[in-house]
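*Asks:* Could you have a look at this structure, given as C-alpha cells, before my questions?
The values are calculated or read from the model by the stated rules, or taken from the named source; none is laboratory data. Here the structure is a predicted model, which means the values were calculated and not measured. Please note: Cβ atoms are built from the backbone with ideal geometry, for glycine as well, and neighbour counts cover all protein chains shown.
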C-alpha cells in the first residue's frame, strides 16, 4: 500500500436540467490522503498484482461551487444539510472501510477481497 496527498482544484461543468429548474456545480475542490493498494501479489506476469484498491483513510475536504437553483445550497441552514448529504455519499463510496476496487488479472489467485 502507498499513500499520497491528493489535491484537485478544478473547473467542472456538472448540470442537471429539468423542466422546472437547472442545478449545477461550477467548480470542484478535493483534498485528502489517498491510499492505493496493489494486491494480491503474484509473480506470473506483469502487472504482478491482481487488482487495485483506492480509498481515503479519512473523509477528504471537498468544496463545490453551486450554480443555478443549486445556489440555494449556499444559504444558511441549507448549506449544512447539502454538505452533510455530499459528505455521506463520498464516505459511503471511498472512505475506509469502503473502497473502489478493480481487478486487473483474472485467475483464482487474484480475486479481490470483499
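*Asks:* Determine, yes or no, whether residue 82 is touching a strand residue (DSSP E or B) at 6+ places or on another chain (Cβ under 6 Å), more than 21 Å from residue 4 (Cα to Cα) and surrounded by 12 or more Cβ atoms within 10 Å (Cβ to Cβ).
*Replies:* no
*Asks:* If the Cβ limit is 9 Å and pairs must be 6+ apart or interchain, which residue in region 16-30 that is touching a residue at least 24 places away in the same chain (Cβ under 8 Å) and at negative phi pairs with which residue that is crowded, with 16+ Cβ neighbours inside 10 Å and part of a loop (DSSP other than H, G, I, E, B)?
*Replies:* These pairs meet every condition: 30/60.
*Asks:* Follow-up. Anything in region 14-42 that is over 17 Å from the mean Cα position of the chain (by Cα), modelled with pLDDT under 90 and in a strand (DSSP E or B)? List them, or say none.
*Replies:* Scanning region 14-42 gives 15, 16, 17, 22, 23, 24, 26, 39, 40, 41.
*Asks:* Related question: In region 1-15, which residues are touching a residue at least 40 places away in the same chain (Cβ under 8 Å) and within 26 Å of residue 95 (Cβ to Cβ)? Quick ask: steps written out before the conclusion?
*Replies:* In the first step, residues of region 1-15 are kept if they are touching a residue at least 40 places away in the same chain (Cβ under 8 Å); the result is 3, 6, 15.
Matches in region 1-15: 3, 6.
*Asks:* If you don't mind, there's one more thing I want to ask. Could you please give the count of residues in region 40-62 that are closer than 12 Å to residue 1 by Cα and free of Cβ contacts under 8 Å to residues at least 40 places away in the same chain?
*Replies:* Total satisfying the criteria: 1.
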